[in-house]
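The values are calculated or read from the model by the stated rules, or taken from the named source; none is laboratory data. This structure is a prediction, so every number in the text was calculated from the model and none was measured. Counting neighbours? That spans all protein chains shown, and the Cβs are built from the backbone with ideal geometry, glycine included.
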């Protein structure tokens, strides 16, 4: 029991401390709610937003973009990362483009993609996929390259086929590194979705932020939306961790 | 069994292993470094051969060429009268390190070769269980390699090498990472195992007493490029026991082998004190 308490108590205390600091800043600075609302006001708006059904449609839209974009981006990144690790040619040909694409901020790229593909699910998912692709591809490459060559020689001595080598040895050996990349990818997917939503459209948590800041001028709602986004990020990250643990336990 | 030729009518008297004019070279920085310089060797069925030689002379390389992991530059390798042209189910290779898959249980590690060969789950697990029993690890089927001692891991590696019932078992300094006492015990265990499975064993070792204790013949290799410098018969009756380590014939044979080596080797003492480098890299690179 003391173990469970020991696990819950420190993060809880840190959270209370965070809220207290926030409230203290509001009191000391005596800021109006449209500059920095206090945690109580934000909590109120957060609850009201759920009760009134303000958040739901936007959350569902953002989640859909993340689901489609993350899946597509990661699915493309896995074979690409493998090819980068195992083929010198692929590494030489693809690496410059990958790095160049990554060096261009997605914020600058998003309007262009909106111009080509509109502001719907497709365009937004493409943006999410682009953001997810790079870190996952690189971590797959690093993980595959890091596999102990002696294990591969052992597998070769039992005449593994190429497919058996990949499925029975390389993927499980590289899994911790691959999942590490997916963890980075899923958090970046949230960023990508919000950025994509700023380019236009009618729904999404990013759209709601624009609305709250602009036409509604409801700054507590803006903060409540930020809270939803943060919780979404934590929930998605946690689900990747769950999958990771499940896979690790299955071995 | 990559493109094994049509079952040649191997004479029943064909030796377990026959090496004829075996050459091998590494390419290092664009230079060809000859490692094996024409090795001729015949190994009788169900016999134990120990390979000794100066450090870096190509003993591990020779095992890899026999196992089909490295292509010979010239000459032939035959197992029971049929050539070896790549990794081969007739040959089991135990590396210097256990090389287990850390995410798999002991059972699944032993079953790995069977899984690769396409055996169904139930029979392959039954077979893996038998093999675990053979090496005294029956109760550790569910353990991960990380939960086992170094000696247990190496036993697991031997069980895995036996999974496809190879007629030839190649061991590359399999016990070099173990302490001296454990190592003596494992040598006895290896002989018991050999009596039960009846395969031919070729073993690389740095320890002359170990070579003499285990083997019917000790083959001394010359410095690189390696050739057979001497082939010493061990006239110690079987079954052998630890007490035989003190037998006069053993020290006499060991002295003979040392004379052939001309002091060019490191002995069990050097192994015990850690002076002997590991053989992760090809011998040619360790120069």
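Based on this model, can you work out whether residue A:144 counts as closer than 30 Å to residue B:119 by Cβ and in contact with a helix residue (DSSP H, G or I) (Cβ under 8 Å, 6 or more places away or on another chain)? It is true that residue A:144 is closer than 30 Å to residue B:119 by Cβ and in contact with a helix residue (DSSP H, G or I) (Cβ under 8 Å, 6 or more places away or on another chain). The condition of being away from chain B (no Cβ under 11 Å) and either at pLDDT 95 or above or part of a helix (DSSP H, G or I) (or both) holds for only one of A:150, A:245, that being A:245.
Does residue A:45 fit the bill of being more than 26 Å from residue A:233 (Cα to Cα) and either over 21 Å from the mean Cα position of the chain (by Cα) or not assigned by TED's automatic domain parsing to the domain that holds residue A:192 (or both)?
no
The criterion of being under 18 Å from the mean Cα position of the chain (by Cα), surrounded by 17 or more Cβ atoms within 10 Å (Cβ to Cβ) and farther than 22 Å from residue A:68 by Cα holds for residue A:177. Among residues of the range B:89-122 being touching a residue at least 60 places away in the same chain (Cβ under 8 Å), facing chain A (nearest Cβ under 8 Å) and in a loop (DSSP other than H, G, I, E, B), the one that is surrounded by the most Cβ atoms within 10 Å (Cβ to Cβ) is B:95. If you scan the range B:139-153, which residues turn out to be surrounded by fewer than 13 Cβ atoms within 10 Å (Cβ to Cβ) and free of Cβ contacts under 8 Å to residues at least 40 places away in the same chain? Within the range B:139-153, B:139, B:142, B:147, B:149 qualify.
From the list A:128, A:142, A:60, A:99, pick out the single residue that is crowded, with 18+ Cβ neighbours inside 10 Å and part of a helix (DSSP H, G or I).
Exactly one of A:128, A:142, A:60, A:99 is crowded, with 18+ Cβ neighbours inside 10 Å and part of a helix (DSSP H, G or I), namely A:128.
Would you confirm, using the coordinates I've provided, whether residue A:62 is out of contact with any helix residue (DSSP H, G or I) (no Cβ under 7 Å at 6 or more places or on another chain), in contact (Cβ under 8 Å) with a residue 40 or more places away in the chain and within 22 Å of residue A:229 (Cβ to Cβ)? Spelling it out, it is not the case that residue A:62 is out of contact with any helix residue (DSSP H, G or I) (no Cβ under 7 Å at 6 or more places or on another chain), in contact (Cβ under 8 Å) with a residue 40 or more places away in the chain and within 22 Å of residue A:229 (Cβ to Cβ).
Check whether at least one residue in the range B:42-54 is within 25 Å of residue B:210 (Cβ to Cβ), in contact with a strand residue (DSSP E or B) (Cβ under 7 Å, 6 or more places away or on another chain) and at pLDDT below 90, and report yes or no. Step through it out loud before you land on a result.
The first filter runs over the range B:42-54 and keeps only residues within 25 Å of residue B:210 (Cβ to Cβ), leaving B:42-54.
If we keep only those that are in contact with a strand residue (DSSP E or B) (Cβ under 7 Å, 6 or more places away or on another chain) as well, we get B:42-43, B:45-53.
Pick out the ones that are also at pLDDT below 90 and you get B:53.
Yes, the range B:42-54 contains a residue that is within 25 Å of residue B:210 (Cβ to Cβ), in contact with a strand residue (DSSP E or B) (Cβ under 7 Å, 6 or more places away or on another chain) and at pLDDT below 90.
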